[in-house]
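Undergrad: Attaching a single structure in structure tokens format; questions to follow.
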Amino acid sequence: MRPAGVLAATALVLGLSACAPSVRPTAPMAGTTQAPAPAYLPADRRQALAAAVPPPPAEGSDAARADITASDRLRTLENTDRWLLATRHAELRPALALSHFDCALGFRLTAADSPRLVALLERVLHDANESAELAKARTHRPRPVAVDPDRPACQVASPAARASPSHPSGSAAVGAAYGAAFAALVPEQAEVLNEVGHQIAVSRMVCAMHYPSDVAAGEQLGLAVFDAIAATPAFAADVPAARQEIAAARARGLTSPACAAERSALAIRLP
């Protein structure tokens, strides 16, 4: 690691430990070990969204080779501050993923004080991840860490996780959907909140869990899923309580101790 990044990296991993524990082992995808949360979208709507996802580049095509080249360049980020942020971003369970948005919002959110917001995000996660899984069932593209079994991932991944499909990125779909959900809840900060969702998606490339086109397709899917969610009466009914919890957190004024480290990590340009 670059010496100048040591302090920032330490703050990123340790300074946020209270609000963002390490990622779940063997879980490259967003999800939860608990029973699925109620969905906002009916199954046929998720199926239609999945069917609209474009296929991955054909093996051996120029686009596929460009994906591989871009992924290989990202190896230079291993063990940097941006790599450690990608490790943190791999945790997408709503109660813990709240912390990804603390720095953009300017105050800390906690699951204990935001149960309605967490419940809203559980439903968003369910719809985005299930849509991605349906799309993945149509084709099997190996992940970068499956093509090169010796390539490190920024999270602990079992052999089965490494061998699971790469296209589209479910975590990118969830990250983009989370960003759009927060942007809808706090519209005056929509740009920075959507950017957090995008950076969660970018982290999947840094982690070597997905190629760039997998992430792009996942982001597109996540945004489409949220557009569909936002049109539902159930989402509209959940918004006021979630906004009240966000307003209460703003009033408490607690801040994350690691926002400087996060800014340092995001300042690193992708190779």
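Undergrad: Hey, in the GNM for the chain with a 10 angstrom Cα cutoff, which one of H167, H198, H140 fluctuates hardest?
TA: H140
Undergrad: Work out from phi, with θ = phi - 60° and the Karplus expression 6.51 cos²θ - 1.76 cosθ + 1.60, the ³J(HN,Hα) of each residue of region 57-63, listed in order in whole Hz, and give x for Gly and Pro.
TA: Each residue of region 57-63 in turn: x, 5, 4, x, 6, 4, 5 Hz.
Undergrad: Ok, one more. Roll a 1.4 Å probe over the protein heavy atoms and report the accessible area of I229 in Å², nearest 10.
TA: 0 Å²
Undergrad: Go ahead and collect, in residue order, the members of region 104-148 whose backbone nitrogen is under 15 Å from a label point 7 Å along the Cα-Cβ direction of A52.
TA: 128, 131-132, 135
Undergrad: Residue separation times 0.36 nm, minus the C-alpha to C-alpha distance between R263 and T76: what's the value?
TA: That works out to 65.4 nm of additional length.
Undergrad: Would you mind calculating the gained length between L270 and F107 on full extension (0.36 nm times residue separation, minus the Cα-Cα distance), in nm to one decimal?
TA: The L270-F107 span can extend by a further 55.9 nm.
Undergrad: How big, on average over all directions, is the shadow cast by the Cα convex hull of region 188-271, in nm²?
TA: 7.3 nm²
Undergrad: How many nm separate the modelled label positions at R243 and A64, each set 7 Å beyond the Cα in the direction of the Cβ?
TA: In this crude spin-label approximation the distance works out to 4.9 nm.
Undergrad: Assuming a ≥ b ≥ c are the square roots of the Cα gyration tensor eigenvalues, decide whether region 118-271 counts as rounded (a/c under 1.5), prolate (otherwise, with a/b larger than b/c) or oblate.
TA: Verdict is oblate for region 118-271.
Undergrad: Show me the ranking of peptides 142-149, 63-70 by mean Cβ neighbours inside 10 Å, starting with the highest.
TA: For the peptides 142-149, 63-70, the packing ranking is 142-149, 63-70.
Undergrad: Using the heavy atoms of the protein chains alone and a 1.4 angstrom probe, what is the accessible area of the chain per residue in square angstrom?
TA: Value returned for the chain: 42 Å² of accessible area per residue.
Undergrad: Let me ask something else. Which ³J(HN,Hα) values, rounded to whole Hz and listed in residue order, are derived for region 117-129 from phi using the Karplus coefficients 6.51, -1.76 and 1.60 in 6.51 cos²θ - 1.76 cosθ + 1.60 with θ = phi - 60°, glycine and proline given as x?
TA: Result, rounded to whole Hz: 5, 4, 5, 4, 5, 4, 5, 4, 4, 4, 5, 5, 6.
Undergrad: Please identify, among A249, A181, A97, the residue showing maximal mean-square fluctuation in a Gaussian network model of the chain using a 10 angstrom Cα cutoff.
TA: Comparing A249, A181, A97 in the GNM, the peak value goes to A249.
Undergrad: Rounded to the nearest 500 deg cm²/dmol, what is the calculated helix-only ellipticity per residue at 222 nm for the chain, with -39500 (n - 2.57) per DSSP H run of length n ≥ 4?
TA: Value at 222 nm, helices only: -17000 deg cm²/dmol.
Undergrad: Given the options A208, A236, A176, which has the most mean-square fluctuation in a GNM of the chain, springs set between C-alpha atoms less than 10 angstrom apart?
TA: Top of the fluctuation ranking is A236.
The values are calculated or read from the model by the stated rules, or taken from the named source; none is laboratory data. All values derive from a computational prediction rather than experimental measurement. Ideal geometry is used to build each Cβ from the backbone, glycine not excepted, and the neighbour counts take in all protein chains shown. Just the protein is used for accessible areas: all its heavy atoms, side chains included, with ligands, DNA and RNA removed. Shrake-Rupley method; radii C 1.70, N 1.55, O 1.52, S 1.80 Å.
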